[in-house]
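S.K.: My structure is below; once you've seen it, I'll send some questions.
Here, each number is a calculation from the coordinates, and none is a lab measurement. Note that the structure is a prediction, hence the values are computed from the model and not measured. Here the Cβ is made from the backbone with ideal geometry for all residues, glycine too, and neighbour counts use every protein chain on show.
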Amino acid sequence: MSTSESRKYGSAESIFILCETCHGFATYFDKSRVQEEFIEIVVNILDREEGIDRDIALLIADSVYNRLKSSNIREYIRIARLSKNDSSQVNKIIDTFAKYGTTDTEL
């Protein structure tokens with residue numbers, strides 16, 4: 001994967017790579033990283049790549065991390081897209097996923 005085909009987010013310990021040719025994310029996450037740093041990375045991705053308000057991106061990041069216990073960036077993006085920048089929708093979606101579970105589907 002060349003640098004012209006991908007963008008990296010994070011630091012040396014925690015990197016998300018958006019591969020434009022494969023239309024997906026490769027996730028590398030060091031579990032020793034603290035929650036705040038991970039959430040900040042997710043907020044930045046949702047803000048820059050998905051156009052989500054930072055306040056709503058923070059709500060999504062915090063809710064998915066704490067309630068769904070997921071570090072899969074696809075979950076965050078899926079919830080962001082389903083919510084359509086509406087905080088009341090975020091809470092309904094998180095409640096539904098918490099109750100019935102989630103499935104890892106390709107975006």
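S.K.: What's the local net charge at Thr96, with K and R +1, D and E -1, over the other residues with C-beta under 14 Å away? Could you put the intermediate results ahead of the total?
M.R.: Working: positive: Arg67, Arg78, Lys92, Lys99; negative: Glu75, Asp95.
That works out to +2.
S.K.: If you rank Leu46, Leu82 by fewest surrounding Cβ atoms within 10 Å, what's the result?
M.R.: Working: Leu46 24, Leu82 15.
Arranged by neighbour count, lowest to highest, Leu46, Leu82 become Leu82, Leu46.
S.K.: Something else: Based only on other Cβ atoms within 10 Å, what is the fewest-to-most ordering of Ser70, Ser87, Ser63?
M.R.: Working: Ser70 16, Ser87 12, Ser63 19.
Ordered by Cβ neighbours within 10 Å, fewest first: Ser87, Ser70, Ser63.
S.K.: According to the square roots a ≥ b ≥ c of the eigenvalues of the Cα gyration tensor, what is the shape class of segment 33-100, taking rounded for a/c under 1.5, prolate for a/b larger than b/c otherwise, and oblate for the remainder?
M.R.: Details: a/c = 1.76, a/b = 1.11, b/c = 1.59.
It comes out oblate by the Cα gyration axes.
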